[in-house]
Every structure is written in structure tokens, then in C-alpha cells.
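Engineer: Structure below; questions to follow.
Please treat every number below as a calculation from the coordinates, not as lab data. Computed from a predicted model, the values in this text were never measured in an experiment. Ideal geometry is used to build each Cβ from the backbone, glycine not excepted, and the neighbour counts take in all protein chains shown.
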Amino acid sequence: MLSTITRNKEAIIETVFEKSHYCFVAVDENGVVTFLNDSYCRFLEVDREKAIGKHVTEIIENTRMHIVVETGEEEIADLQYIRGNHMIANRIPVFSGGKVVGAVGTVLYRDTKEWMQMNTHIKNLLLELENYRKQLRNQTGANYSLHDIVGSSIRLNEVKEKIIKASSGDVSILLTGESGTGKELFAHSIHQLSERHNQPFVKVNCAAIPEHLLESELFGYEAGAFTGAKKEGKMGKFEMADGGTLFLDEIADMPLNAQVKILRVLQEREIERIGSEKTRKVDVRIVAATNQSLEKLIEQDDFRQDLYYRINVVQIAIPPLRERPEDIRVLAKYYLRNISNRTGNRVTDFEQEVLDFFLHYDWPGNVRELENVVESAVHLSSSEVITVDDLPDHMQVETYYNYQTNDLKDILEKAEITAIRNALRQTDGDKLKAAKLLGIGKSSFYDKLNKYGL
Ligand SMILES: Nc1ncnc2c1ncn2[C@@H]1O[C@H](COP(=O)(O)OP(=O)(O)OP(=O)(O)O)[C@@H](O)[C@H]1O
């Protein structure tokens, strides 16, 4: 066998590399193309004579052949996006006398036409799948389940257990917790775990709907109920959720007069569209969420106590991220994987200093903030590993404090940043109120925001 190969070496090489349907490329130790077979030339639509002698990055999109030459490490079955398609690439360094002298790469598909057909077929199947998913979502409206909630800290597991226990009963549930802790994900999960999971899940963001439209959004209206109303009338969210779950997000922002009407619907189990005398029976389960203390609002007469009792049969508090540090690393890695896959940026890990900082940071925006920080770092990163330099400016100030200084000025600055952040959190981002709370003037407050990039 070996002697046959030795005797016919050139013919075999010619058959394997040149006549094959696979794409082959070879580069030298500088990443310069030394060989490109016919299949690859056709696929790339390049002229072989022009390609040979050029750096591989000028010829092949998203190539890593030059990197394999540098690292000397093979890369097998790596997904590579070329000419609008995902290909499977193998890259193998070539060693001679213990040194890397080049690399050989293959791209797996049989021929361009066949790959295109298969790719189109897969794309169609994916589109079809997405369509079915959408239809299913449109039918119920609940897109998430407990499986989508990442993290395995004791605190988060306790919440998940409570959710499982409370979901099956038909009781109203109030989800409390800071902004960005995942209350909406839990609301979807409650619906999915309930007997009502085949029925609609309808969300109302009480803070986003202008007060004068809230009633018609919730209860609907009859044809010609008011000027500007749709000719055929409109169904309200309570009716849409009939048989299913109505998720009242940010319920603390519900105006008092709408609160009275909601209470009536929950007591009577019927609604009246605006402009109608007729009542209609509705059967909805209420899940509400708030990041403000309803108890405090009741004391200030901004929330009705009777409605509070109705919606607060079971209360489940979602802990802030800083109180479940075990989840931070898992969530950060989960988002890094997702965002890298989605954007095609090859960023695979965090520097240890970044992970250490994440554990010290107090995450005022919770999981939402973590997701945003990872997303921005992936875009800013110039290597495969996210470093402290890729983090937003205000975080870099804190890492400096945490890791590099005992200097009094730096410590004072850190204290200022923390105080400003806390004030903004307490005032829901209202800068004037935050300045007042801190006892400083408006312009000095704005100066500090600029200084620290907050
Ligand atoms: N445990 C988790 N696993 C995965 N993603 C999460 C988790 N918790 C929150 N998220 C994500 O964080 C973001 C904010 O979550 P969500 O909207 O549910 O928070 P919220 O508590 O309802 O916030 P708000 O009070 O501001 O409405 C979303 O993108 C959500 O998908």
C-alpha cells in the first residue's frame, strides 16, 4: 500500500486535491495562498492565478488560516460564514522540522450547486419552523418558560419552586422585584405551567399606555363610542385574555380611576365596553408585576388597598442579581455565547479580572444591565477574550477602585458614583429629584454625571 502511494504520489495528490469536489486551500507560514483547488476557485469566483501569492484574508472571507499558522493548533468542524452561507471548515497546520511551515484547509460541501440546494432547503425548513413557532406564540402569546430562566443559585431555585407551586392554582400572583430581574419571564412561565397554557396570554404595560387610552385598551369600546374610535369597535385586553392570563406589568403606574374599574371586573367577572350597556362575562387569571412598593403607594393614597388584596393573593419576590452572585458568571457566559452566535463576532471568553469585577459590581439594572454590558463588550472587543478595557466607562472607574488603588481621591470618587447611582435608582432615573435627594444643585449634578460618564 505504502509503496503504491510512494510510486503514485503525484497522481494521488492531484486526485485528492484537484479533482475532488471539496474545496482545498494551502497557505505558507506567512498566511500567503500557495494552492487553491478548482472547486474552491469556482465557489469563491476567483481566478487561481490572481489568488495565489495573495494573503489568504484577501481571498477568503472570515478565514482563520493565517491564525492557525500562528497558533499551530488545528481547528476542526468550525462554522465559517462565506458568501452568504455557513460552511464547515477544517484547518490543519503543516509541521516540518518541528516548525509550522503552513496550513491546509478544507471546506465541506460536495459541489456549489448541491450545497446551495441544501442550504436553500435548510433555510426553508428554518423559515417554516419559525413560522410555526410564531403561530404558536400568536395563539397563546407566552414565549418563555422556566427553562429559559438561566441560573441555579439557591435563591433563584427557591423562586422557581414557588412559581411551580403557585402556577397550577388559579390564584392571582403579584411578582415583585427591581427592574430587570426577570419578572416578565416568570409571568410567561406561570402561564405556561398553568391549566390555561393553551389559552391566550395577554400583556398590558400599565406604564406605557397614556392614561386617556388605558380604559379603552383594557375594556374595549363599541362602534362609534367616541370621535376617533374605530368603526367596528375594539376588543379590550380583558376580553382578549378570556380563558387565559392577563399580565398587568408595572401595575403601580395604573391610574386610580382605572384601578377602580379593574377591581370591579375582578369582583364581578364581567366587563362593559366603553359606550355599551351590555356586560360580557370574562374569565381571566391575573398576574401582576411591580418594581415599586405597593404598600408605600397605599400609604400615600396612590394605590387602592382593595385592589392590592385582590391581586396579591400570592406574592413572589424576585431577588436582585447582587443577592445571587452565583448566577452572574452563568448568565454572563450564556449571553456571551448567544450574542457571539447572533452577531458572528468570535468572542469566546472573559478575562478573569472581568468576572471578578462582575461579582463585586452591584448591578442596579440587574440581568437586563448584564445583558447590555456583555453585548456592548462583544462589539468593542478586539480580541477573542473580553477585557476590562471593553467594559463601559463607569465600570472601568470601579474596577480601578477595586483593584488598583488605595488613593483617597479615587475612593471619594467611587463613593460619589455609588451615591449618584443610588439616588438615580431611588428616583427612577429622574435627574432633578436625584440632585435634590443628594442635596446638590442641578448643574453640579450634571457636571458629575458627565465626569463619570453616568
Ligand atoms: N434568569 C434569566 N435568564 C435569562 N434571561 C433573563 C433572566 N432574567 C432576566 N432575563 C432577561 O433580562 C431582561 C429583563 O427581564 P424582564 O423584562 O423579565 O425584567 P423585569 O423584572 O420584568 O423588568 P421591568 O421591571 O423593568 O419590566 C430580559 O431581556 C430577560 O430576557
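Engineer: Apply 1/(1 + (r/R0)^6) to the Cβ-Cβ distance of residue 8 and residue 52, taking R0 = 30 Å, and write down the FRET efficiency to the nearest 0.05.
Structural biologist: 0.75
Engineer: Starting from the Kirkwood Rh over alpha-carbon pairs, what translational D in µm² s⁻¹ does the chain have by Stokes-Einstein at 10 °C and 1.306 mPa s?
Structural biologist: 58
Engineer: Right, another one. Would you list which aspartates and glutamates come within 16 Å of residue 230, measuring only between C-alpha atoms, while excluding same-chain residues fewer than 8 positions from it?
Structural biologist: Straight-distance partners of residue 230: 215, 217, 222.
Engineer: Of 9/50; 237/278; 50/99, which ones are farther than 21 Å apart at the Cα?
Structural biologist: Flagged as over cut-off: 9/50; 50/99.
Engineer: For the chain, calculate the relative contact order in percent as a whole number, restricting contacts to Cα pairs under 8 Å that are 6 or more residues apart.
Structural biologist: 11
Engineer: Could you work out the mean projected area of the convex hull around the alpha carbons of the range 408-452, in square nanometres to one decimal?
Structural biologist: Dividing the Cα hull surface by four gives the mean projection, 2.8 nm².
Engineer: Here's another thing I want to ask about it. By a straight-distance test (C-alpha under 26 Å), which lysines pair with residue 451 as possible cross-link partners, with residues fewer than eight away in the same chain excluded?
Structural biologist: Cross-link targets: 409, 414, 431, 433, 436, 442.
Engineer: Can you figure out the FRET efficiency of residue 449 with residue 355, using R₀ = 25 Å and their beta-carbon distance, to the nearest 0.05?
Structural biologist: 0.35
Engineer: Could I ask something else about it? Can you list the lysines whose alpha carbon sits under 18 Å from that of residue 162, skipping same-chain ones fewer than 8 residues off?
Structural biologist: The qualifying lysines are 183.
Engineer: Gap in Å between the Cα centre of the range 235-294 and the Cα centre of the range 36-98?
Structural biologist: Between the Cα centre of the range 36-98 and that of the range 235-294, the gap is 60 Å.
Engineer: Right, something else. Work out the FRET efficiency for residue 212 and residue 88 from their Cβ-Cβ distance, taking R0 = 51 Å, and round it to the nearest 0.05.
Structural biologist: 0.35
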